[in-house]
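Below is one structure, written out as structure tokens; the observations come after it.
We did not get these values from a lab; they are worked out from the coordinates using the rules stated. For clarity, every value in this text was computed on a predicted model and none was experimentally measured. In this analysis, Cβ positions are derived from the backbone assuming ideal geometry, glycine residues included, and neighbour counts consider all displayed protein chains.
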Amino acid sequence: MNSLRRPTGWLSQLTLTDDNGETVGGVIDHRLTRRALINEFRRGRIRREQLCDAHPDLVRAAKNFGDATSVKCPICVQDNVALVTYVFGPRLPSHGRCITKPHELEEFRQLAQHTEQHRADELLTSQSSPITYTAYVVECCRSCRWHHLLRSLPMATAPKPDIKSTRHRSRR
């Protein structure tokens with residue numbers, strides 16, 4: 001197996017956990033929206049051109065780095081869809097970062113938590129909003145360019161600093 005290719009199915013079984021092994025909350029699943037959109041297409045209310053308009057960079061990422069699935073494209077039914085993951089957050093490019101290898105997601109999660117903890121120590125007020133990194137899993141058909149957001153997952157959120165420790169630090 002090519003070292004740049006991910007093992008099949010690793011992303012579809014993805015769950016994010018914290019350092020204690022507990023599942024991180026806030027996962028948003030978009031399967032109902034996906035189902036409604038597909039039903040509208042099959043009823044003839046939406047044209048194929050309206051659905052199959054994935055950006056060329058997304059199609060390229062699906063071809064080169066996508067996690068191949070056994071799920072047929074619901075629009076063209078010719079090819080299986082691939083899952084592509086992007087991470088968005090502070091200090092990342094505005095177009096996000098495409099996760100290309102299985103271990104990158106875990107490495108990025110740990111880096112994000114470390115950065116978040118360091119940033120939380122520097123915050124001066126509890127009114128400051130926490131920094132959040134979010135991973136978005138998108139399915140994409142490499143043949144017809146169908147794409148849909150499947151789920152979004154929080155990567156790391158900085159805890160708000162304790163008011164007492166903040167006041168204590170500001171007196172020094």
Scan around residue 155 for amide H atoms under 5 Å from its own, H built in the peptide plane at 1.01 Å from N, and keep only partners 5 or more places away or cross-chain. 133, 134, 135
What FRET efficiency would be calculated for the residue pair residue 103, residue 46, taking the C-beta separation as r and a Förster radius of 30 Å, to the nearest 0.05? 0.20
At 0.36 nm per residue, minus the direct Cα-Cα distance, what do residue 70 and residue 28 gain on full extension? Give it in nm, one decimal, please. 12.9 nm
Taking 99, 46 and counting other beta carbon atoms within 10 angstrom, the fewest-first order is 46, 99
